[in-house]
Amino acid sequence: MSKVAIRVEHLTFAWPGRPPVLKECSFSIPTGELWMLLGPNGSGKSTLLQLLSGALTYPKPLSGHLEINGRLGYVFQNPDHQLFMPTVGADVAFGLGAEPLTLVEIRQRVETALGQVGLSHMIRRPIHGLSGGQKQRVAVAGALARRAQVLLLDEPTALLDPDSQADLVQCIRQLVDQEGITALWVTHRLAELEWADGAIFLSEGQVRQQGSAQMVRQQIGQLFGA
Ligand SMILES: Nc1ncnc2c1ncn2[C@@H]1O[C@H](COP(=O)(O)OP(=O)(O)OP(=O)(O)O)[C@@H](O)[C@H]1O
């Protein structure tokens with residue numbers, strides 16, 4: 001795989017009839033790293049993630065270039081918007097329906113993915129009985145089963161209690177370290193930067209800071225006294 005997993009160059013995007021929400025954004029994320037995307041409400045983080053995911057096809061960016069090297073997986077803020085099947089195993093298998101796999105191969109993919117997120121023992125559990133953090137892990141396992149190499153996570157801990165938050169970020173950290181996954185994680189929580197390799201700070205649609213997570217954290221602290 002390329003050494004850069006995500007590259008954004010001079011990206012400018014506007015919703016119809018509105019001024020640009022992303023202005024000349026440029027950054028790149030190396031393969032096999034966990035990066036955080038931070039910024040105030042309305043700064044354009046979700047718009048950027050939607051563009052990167054390929055889900056936002058209209059309108060087209062006004063200018064600029066996006067590049068993703070590797071198969072994409074997406075994790076929503078609310079896992080209930082992403083998990084549809086009655087049990088953990090069925091849900092992880094759900095996204096494999098379009099692939100030409102035998103039942104044995106599907107089972108292997110599901111078991112491996114659940115092992116990677118530490119949920120092997122829950123394969124038969126009903127989804128509705130899981131905690132928010134466990135549901136997010138199932139969503140991540142679904143992406144891994146589809147062999148995602150680049151994960152986009154849009155505020156995945158926003159609805160989680162503090163223990164589950166820590167749990168999920170550690171799970172992603174482990175996937176990055178052990179499986180070579182690249183992750184771009186949108187957050188409002190500065191504390192989550194502790195787990196990241198790098199960070200991007202977006203404000204009013206512009207990339208104001210980017211670099212090591214520690215450096216960006218210090219700079220945000222100086223700007224906002226956080
Ligand atoms: N589907 C849409 N149509 C029109 N405008 C939109 C749409 N989605 C977002 N916007 C506008 O784009 C701007 C950036 O929103 P966006 O959701 O990308 O910011 P954000 O940084 O993710 O905010 P938050 O932290 O509150 O989630 C806002 O002014 C928002 O109202």
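Laboratory data are not the source of any read-out in this text; all were calculated from the coordinates shown. None of the values given here were measured: they were computed from a predicted structure. Note that we place each Cβ from the backbone using ideal geometry, even for glycine, and neighbour counts take in every protein chain shown.
Order these peptides, 61-67, 19-25, by their mean beta-carbon neighbour count within 10 angstrom, highest first.
The packing order, highest mean first, is 19-25, 61-67.
Against the longest alpha carbon principal axis of the chain, how many degrees, from 0 to 90 and to the nearest 10, is the axis of helix 162-179 turned? Its long axis makes an angle of about 90 degrees.
May I ask you to derive the relative contact order of the chain, considering only C-alpha pairs under 8 Å and at least 6 residues apart, and to give it as an integer percent? Display every interim value, and only then the final one.
Numbers: 443 pairs, mean separation 64.2, N = 226.
Here the relative contact order equals 28 percent.
Taking only Cα atoms, what is the 0 to 90° angle, nearest 10, from helix 132-145's long axis to the longest principal axis of the chain? Taking the Cα atoms of the chain, the angle to 132-145 is about 80 degrees. Averaging the Cα positions of each part gives two centres, and for segment 82-152 and segment 1-70 these lie 27 Å apart. Set Lys and Arg Cβ to +1 and Asp and Glu Cβ to -1, take the dipole of the chain about its Cα centre, and tell me which of Ala199, Gly129, Val8 lies farthest positive. Positive-end residue among those listed: Val8. Taken about its Cα centre, the chain carries a charge dipole of about 340 debye when Lys and Arg each add +1 at the Cβ and Asp and Glu each add -1 at the Cβ.
In this simple spin-label model, placing a label point 7 Å from the Cα along the Cα-to-Cβ direction at both Glu24 and Asp80 gives a separation of 4.4 nm. Among Val104, Val176, Val88, a tally of other beta-carbon atoms within 10 Å of each Cβ gives an order, fewest to most, of Val104, Val176, Val88.
Full-extension gain between Ser212 and Glu99, please, as 0.36 nm times their residue separation minus the C-alpha to C-alpha distance.
Working: separation 113, 0.36 × 113 = 40.68 nm, distance 3.77 nm.
Result: 36.9 nm gained on full extension.
Computed from point charges on the beta carbon alone (+1 for Lys and Arg, -1 for Asp and Glu), the dipole magnitude for segment 163-226 about its Cα centre is near 280 Debye.
Between the amide H of Leu34 and those of Ala183, Asp197, Gly198, distances stay under 5 Å, these residues lying 5 or more places away or on another chain, with hydrogens modeled in the peptide plane.
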